[in-house]
Amino acid sequence: MDIYTLQDFFTFTKGVIYILVIITLIGLAGFWRFLTERDED
Amino acid sequence: MSNEGTTAGKFQMTPFNMVAGVIVILGVIVTILRFTGGLGAVTNLTDYNPWGIWIGFDLLVGVALSAGGFVTSAAVYIFGLKKYHSAVRPAILTAFLGYALVVLALHYDVGRPWRLPYPFIVQQGTSSVLFEVGACVALYLTVLFIEWSPTAMEWLGLKKIRGIVIKLTLLLTIFGVILSTLHQSSLGALFLIAPSKLHPLWYSKYIPIYFFVSAVIAGLSMVIFESTLSHRYFHDKMDETHLAESRGVTLGFGKAAAYTLAGYFLLKVIGVAADNDWHYLATGYGAWFLVELLGFIALPCFVYAVGVREKNTTLIRWAAAWTVLGIILNRFNISLIAFNYHLPASERYFPHWMEVVISVFIVTLGLVLFRFIATRMPIFYEAAGYDDAH
Amino acid sequence: MTISRRKFLGWLGAAGLGTTVGSSARAAAKGEFSGFPDSFGVLHDTSLCIGCRLCEKACNEVNELPKPDRPFDDLQVLEERRRTSAGNYTVVNKYGTPANGTPPIFRKNQCNHCLEPACASACFVRAFTKTPKGPVTYDASVCVGCRYCMIACPFEIPTYEYDEALSPRIQKCTLCAPRLEKGLLPGCVDICPTEALSFGIRENLLKIARERIRKFPDRYVPHIYGEHEMGGTSWLYLSTEPFNEIGLREDLGTTPAPTLTAGALGSVPVIVGLWPVLLTGIYAISKRKDKIAAEEQAGAVALAAEQARAESKAELDKALEQAKKEQEAMVKMAVKKALEEAEEKQKAEAEGDAGDSGPSEETDKA
Ligand code: SF4
Ligand code: SF4
Ligand code: SF4
């Protein structure tokens with residue numbers, strides 16, 4: 001894929017970032033559970 | 001008006017109901033005009049001034065003043081300041097209604113409101129700050145709805161599902177803080193795209209940070225302000241815990257607001273230094289900037305501080321109201337007053353009275369809904385049998 | 001690419017990146033996009049414009065816009081400063097004061113078809129597209145009508161159909177994209193009776209403009225407006241007076257619009273990555289503090305209970321001792337009493353038993 005304008009570059013990269021950001025959110029929440037599940041309170 | 005709480009359910013010709021009634025009738029008329037004649041029929045918007053008070057007030061101010069929800073829930077559930085627990089419910093309710101009404105107001109402002117989900121389901125303009133704002137506001141409204149829902153469930157007696165939602169409290173609070181950080185700051189970032197239109201004193205690379213910090217201040221102040229009003233009108237609805245904690249909330253939130261205001265003040269000054277905008281201070285816009293900086297940031301900061309030291313809640317309440325005014329002024333400055341500063345006076349915007357009617361109509365709706373909910377559901381008191389998860 | 005390939009590869013090396021070349025390398029050099037090659041543009045030489053408004057007329061016709069209130073041959077409208085509007089994609093304005101004797105300057109205004117359009121950057125449904133041929137096109141079928149594009153455009157070009165109740169559109173010059181597809185010139189360029197508007201490949205137009213400035217240094221301001229403004233525009237301008245004076249702002253700078261908001265958008269992943277970690281951390285700490293406080297409290301309670309228990313035990317022991325002593329004393333006393341009684345009986349029996357031994361035996365047995 002050839003990108004010729006900054007505008008297209010940002011649209012594409014920010015789009016990918018948004019997807020990663022959603023994964024980050026869900027992932028971190030899940031990971032915290034994984035980390036603390038066996039802690040006895 | 002003080003007997004409002006006890007007469008809920010039956011419609012009575014109290015002054016509040018009469019004024020609200022007139023506003024609602026006017027609002028409905030203007031609504032019809034708006035959706036039959038277009039924006040041109042009811043607003044003073046032009047091609048030079050595409051955004052008026054429906055954005056400047058309803059969106060920018062509405063969102064900023066609804067920040068109390070995330071500030072309070074973060075203080076209680078994340079920072080563990082349990083002594084403010086009784087402030088959470090009113091703050092969440094205020095925030096939920098605030099955001100719901102912001103979204104309602106947007107339906108008036110945008111050309112084709114039924115397309116509001118388009119950015120997410122049809123075509124994503126990911127390079128746009130507005131995309132981020134839209135996504136976060138939509139998500140946060142959902143989060144607020146879930147955070148508020150236990151109140152309604154207690155009212156309706158849905159014990160089981162309420163239990164499930166209560167378990168999500170921490171997750172929802174963290175989500176709320178993230179989403180709020182993002183969209184509160186992005187509302188300011190909206191204006192980064194127009195350096196040639198916003199006056200240099202208000203245009204700054206720091207504008208997203210200003211918006212976020214001032215939203216925190218607005219949130220803290222609104223909690224105090226809202227509790228002042230609630231104490232007057234819903235006193236009979238409050239349980240002992242609420243009444244006992246209320247003074248602590250005012251003092252604690254006042255202290256936080258004073259400190260945050262001080263930081264905000266310094267950041268604003270640094271912003272002027274960062275762009276070397278000192279010389280603008282000698283102009284008319286400079287004077288107006290100083291009015292905002294000294295009169296609506298430094299002054300309330302000082303009044304808050306004195307109030308906190310003297311443990312004078314009356315003073316703190318005045319400072320809160322003054323701060324809220326200052327936030328409104330700031331949002332107006334950025335979206336309306338210092339925006340398009342380069343245009344001749346004849347091309348500048350002044351709201352049409354019908355625009356004001358819609359804004360007032362929407363605020364009134366908010367008050368009526370707040371009263372409806374606060375007089376029926378457990379907002380200022382703990383519902384019997386539900387004191388578990390606190 | 002405006003920088004040489006060798007220099008570029010050098011940067012890659014410095015950044016520690018390996019051998020990525022080609023399209024991904026293009027993306028790696030941020031801010032160095034040079035736009036679509038061979039895209040078209042229009043050069044507007046204002047020194048040749050006579051203010052006849054024929055371009056306005058042609059634009060109106062090719063775009064099938066509504067008939068204006070005043071006809072296009074009415075040159076009186078030039079006395080007023082006008083802007084683009086929903087029914088008017090282009091306007092010619094008159095600048096300069098006839099007072100100092102210099103002839104007025106006319107400038108045609110329309111969308112400049114930026115190389116990095118602010119409107120496209122701002123639109124949250126991507127209604128605007130910078131097309132490879134040059135035009136920035138608009139797609140009304142997705143537009144929500146938020147008007148953020150109008151806020152964003154530094155040239156104040158997009159307009160809105162404020163009188164449409166349910167289907168308002170953004171309206172602006174299309175660079176006659178539909179005509180370009182058919183191989184036709186833009187309507188306004190086609191009709192222009194002078195050389196004030198020239199259509200062509202932007203690179204070539206820049207060469208022509210430079211050439212004109214070089215040939216007539218006394219006539220032109222030595223600047224091609226639109227070459228770098230806001231990252232460059234497809235529409236270019238030459239002028240004999242400072243551009244400020246013909247309504248083109250000189251303070252726009254050369255930063256392309258998408259760059260203005262890129263930093264703020266860049267903070268999204270930072271916040272989403274850091275906030276949960278930070279906030280959960282704070283939560284964990286405050287919870288731990290609570291737990292420790294609770295433990296301390298529980299400890300204190302336990303200690304108190306322990307003490308209480310110890311105290312009561314001591315008391316109990318004492319009481320037991322006491323009881324024991326008392327019991328012993330009682331036993332002793334009882335024994336003593338019994339002994340005394342027995343003694344007395346013996347004495348009495350011994351006295352009364354002087355002649356009879358029988359009962360005394362019985363008493364001994366008892
Ligand atoms: S001039 Fe304005 S409307 Fe035209 S492409 Fe540039 S930013 Fe968009
Ligand atoms: S008004 Fe339409 S084209 Fe303009 S930014 Fe909004 S959705 Fe995009
Ligand atoms: S290029 Fe086409 S749409 Fe644009 S001003 Fe010329 S005639 Fe009008």
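Counting the residues of region C:260-279 that are facing another protein chain (nearest Cβ under 7 Å) and over 15 Å from B:Thr181 (Cβ atoms) gives 3. Could you tell me whether B:Trp353 is closer than 30 Å to B:Phe35 by Cα and either out of contact with any Leu (no Cβ under 6 Å at 6 or more places or on another chain) or among the charged types (D, E, K, R) (or both)? Yes. Scan region A:8-24 and tell me whether some residue there is out of contact with any His (no Cβ under 6 Å at 6 or more places or on another chain), assigned to a helix (DSSP H, G or I), away from chain B (no Cβ under 13 Å) and not aromatic (Phe, Trp, Tyr). So far as region A:8-24 goes, yes, one or more of its residues are out of contact with any His (no Cβ under 6 Å at 6 or more places or on another chain), assigned to a helix (DSSP H, G or I), away from chain B (no Cβ under 13 Å) and not aromatic (Phe, Trp, Tyr). Checking B:Gly307, B:Gly326 one by one, the residue that is crowded, with 21+ Cβ neighbours inside 10 Å and within 19 Å of the chain's Cα centre (by Cα) is B:Gly326 and no other.
Check B:Leu106, B:Leu141 and return the single one that is modelled with pLDDT of 95 or more and away from ligand 2 (no atom under 16 Å from the Cβ). Criteria check complete, one pass: B:Leu141. For B:Ala100, the criteria (1) over 13 Å from the mean Cα position of the chain (by Cα); (2) away from chain C (no Cβ under 14 Å); (3) open to solvent by 30 Å² or more (accessible area, probe 1.4 Å) hold in every case but one, which is (1).
Of the candidates C:Ala140, C:Ala165, the single residue that is away from ligand 1 (no atom under 14 Å from the Cβ), open to solvent by 10 Å² or more (accessible area, probe 1.4 Å) and touching a Lys or Arg at 6+ places or on another chain (Cβ under 6 Å) is C:Ala140.
The one condition from (1) outside any loop (DSSP other than H, G, I, E, B); (2) under 17 Å from B:Gly271 (Cβ atoms) that B:Val249 does not meet is (2). Figure legend. Inter-residue proximity from region C:138-160: first residues more than 7 Å from chain B (Cβ to nearest Cβ), second residues more than 12 Å from ligand 1 (Cβ to nearest atom) and open to solvent by 10 Å² or more (accessible area, probe 1.4 Å), beta-carbon distance below 6 Å, spacing 6+ or different chains. Indicated pairs: C:Ala140/C:Arg169. Regarding region C:148-159, can at least one residue be identified that is open to solvent by 20 Å² or more (accessible area, probe 1.4 Å) and away from ligand 2 (no atom under 14 Å from the Cβ)? Yes; the residues of region C:148-159 include at least one that is open to solvent by 20 Å² or more (accessible area, probe 1.4 Å) and away from ligand 2 (no atom under 14 Å from the Cβ). So which residues in region A:1-11 are within 16 Å of C:Phe128 (Cβ to Cβ) and surrounded by fewer than 20 Cβ atoms within 10 Å (Cβ to Cβ)? Correct list: A:Tyr4 only. Of the helices (runs of 4 or more DSSP H) lying entirely inside region B:113-225, those carrying at least 1 residues that are more than 10 Å from chain C (Cβ to nearest Cβ) and surrounded by 18 or more Cβ atoms within 10 Å (Cβ to Cβ) are B:129-156, B:159-167, B:169-189. Assess whether B:Phe339 counts as being at pLDDT 95 or above, out of contact with any helix residue (DSSP H, G or I) (no Cβ under 7 Å at 6 or more places or on another chain) and among the aromatic types (Phe, Trp, Tyr). Against the criterion (at pLDDT 95 or above, out of contact with any helix residue (DSSP H, G or I) (no Cβ under 7 Å at 6 or more places or on another chain) and among the aromatic types (Phe, Trp, Tyr)), B:Phe339 qualifies.
Would you check if there is a residue in region C:274-291 being small (Gly, Ala, Ser), open to solvent by less than 70 Å² (accessible area, probe 1.4 Å), more than 30 Å from B:Gly188 (Cα to Cα) and not in a loop (DSSP other than H, G, I, E, B)? Taking every residue of region C:274-291 in turn, at least one turns out to be small (Gly, Ala, Ser), open to solvent by less than 70 Å² (accessible area, probe 1.4 Å), more than 30 Å from B:Gly188 (Cα to Cα) and not in a loop (DSSP other than H, G, I, E, B).
Take B:Thr94 and decide whether it is open to solvent by 50 Å² or more (accessible area, probe 1.4 Å) and within 30 Å of B:Ser227 (Cβ to Cβ). For B:Thr94, the condition - open to solvent by 50 Å² or more (accessible area, probe 1.4 Å) and within 30 Å of B:Ser227 (Cβ to Cβ) - is not met. It is to be established whether one or more residues within region C:215-225 are open to solvent by 80 Å² or more (accessible area, probe 1.4 Å), in the same structural domain as C:Lys133 (by the TED database) and either at positive phi or not in a loop (DSSP other than H, G, I, E, B) (or both). Checked against the condition, which is being open to solvent by 80 Å² or more (accessible area, probe 1.4 Å), in the same structural domain as C:Lys133 (by the TED database) and either at positive phi or not in a loop (DSSP other than H, G, I, E, B) (or both), region C:215-225 yields at least one hit. When each of C:Cys119, C:Cys143, C:Cys149 is tested for being modelled with pLDDT of 95 or more and within 15 Å of ligand 3 (Cβ to nearest atom), the lone residue that passes is C:Cys119. Residues that are over 27 Å from the mean Cα position of the chain (by Cα) and of a type outside the set (Ser, Thr, Tyr) within region C:137-167 comprise C:Glu161, C:Asp163, C:Glu164, C:Ala165, C:Leu166, listed in sequence order. Among residues of region C:112-126 that are touching a residue at least 40 places away in the same chain (Cβ under 8 Å) and among the small types (Gly, Ala, Ser), those with a beta-carbon under 7 Å from a residue that is near ligand 1 (Cβ under 9 Å from one of its atoms) and in a loop (DSSP other than H, G, I, E, B) at least six positions away or on a different chain give the pairs C:Ala118/C:Cys153; C:Ala118/C:Pro154.
For B:Trp322, the criteria (1) more than 29 Å from B:Met18 (Cβ to Cβ); (2) not in a helix (DSSP H, G or I) hold in every case but one, which is (2). Within region C:228-268, the residues that satisfy the criterion of being surrounded by 20 or more Cβ atoms within 10 Å (Cβ to Cβ) and small (Gly, Ala, Ser) are C:Gly231, C:Gly232, C:Ser234, C:Ser239, C:Ala257, C:Ala262, C:Ala264. Which residues, taken from region B:343-384, are open to solvent by less than 60 Å² (accessible area, probe 1.4 Å) and in a loop (DSSP other than H, G, I, E, B)? Scanning region B:343-384 gives B:Leu343, B:Tyr349, B:Pro351, B:His352, B:Met377, B:Pro378, B:Ile379, B:Phe380, B:Ala383. Scanning region C:168-187 for residues that are within 14 Å of ligand 2 (Cβ to nearest atom) and open to solvent by less than 10 Å² (accessible area, probe 1.4 Å), we see that the one that is farthest from the other protein chains (Cβ to nearest Cβ) is C:Ile170.
The values are calculated or read from the model by the stated rules, or taken from the named source; none is laboratory data. Since we're looking at a predicted model, the values are computed, not measured. With ideal geometry, Cβ positions are generated from the backbone for all residues, glycine too; neighbour counts draw on all protein chains shown. Ligands, DNA and RNA are excluded from the accessible area calculation, which covers all protein heavy atoms including side chains. Shrake-Rupley method; radii C 1.70, N 1.55, O 1.52, S 1.80 Å.
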